[in-house]
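One structure below.
What follows is calculated from the coordinates using simple rules that are stated; it is not laboratory data. Quick caveat: nothing in here was measured; it's all calculated off a predicted structure. We place every Cβ from the backbone using ideal geometry, glycine too, and count neighbours over all the protein chains shown.
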Amino acid sequence: MRKAMISAAALLILAGCETPPPSHYDYPPAYTPPPPQTIYTPYRAPARPPPEVVVHNVKPIGAGVLTAQKVEAYTDTEEAELRAALRGSGAVVGRHGNDLLINMKSDTLFETGTAAFAGRANEVFVSVAYVVRKYDSTQLQVNGYTDTSGSPEHNQQLSQARASAIAKALTDDGVDTHRILARGFGEKGLKIPTGGNVSEPRNRRIEIRITPRMAT
């Protein structure tokens, strides 16, 4: 009897030492990879090919002379391309009938009192040449103007030298020299009428007139 009681007590003690089995198991959560990171890079405009490469890649779209039925659409597309090419340059593209007129301030293009290019002048004329090379059914007249400060003789010579420098820049960048006429007008054709010996920046300007060649 005593042995039976001892055995029962031992079984109770052992039962008390055992940990009851868990009612559920806590599995670790399934591995979820982190979302991919979005990498933002600043926009950079594509590099423009150098002029000597562009010259060979531009395909002219003119056909010598234009008919009355085609000239308006032709001028529309050339005007749109010139506006896009010269955006932000300070040059203003206008239109008179089917003629296009590019107006530029001489003070931003030339060193004071000279025909030497200044600032971004070369970039501006590269952009003009890039477009007008394609639209080869046109003639270009580069006109130079001054204000009335200085002598009329000096102003005439300076305006001609500046017009000729621009014509040369365009031909150097692939525009047919036979399409371009450079003319200096000096004090003639003032945009803002003034008296003599007056410094007026708006009168110191360059105008490039682009005229379609029409079939007769």
Open item on the list: I'd like the antiparallel share, as a percent to the nearest 5, of DSSP beta bridges with both residues in segment 58-212.
Closed with: 80
- [ ] Kindly flag which residue pairs out of K105/K188; K70/K105; K70/K188; K134/K191 have an alpha-carbon separation exceeding 27 Å in this structure.
- [x] K70/K105; K70/K188; K134/K191
Open item on the list: Taking a virtual spin label 7 Å from the Cα of K70 along the C-beta vector, which residues in segment 189-215 bring their backbone nitrogen under 17 Å of it?
Closed with: 211-215
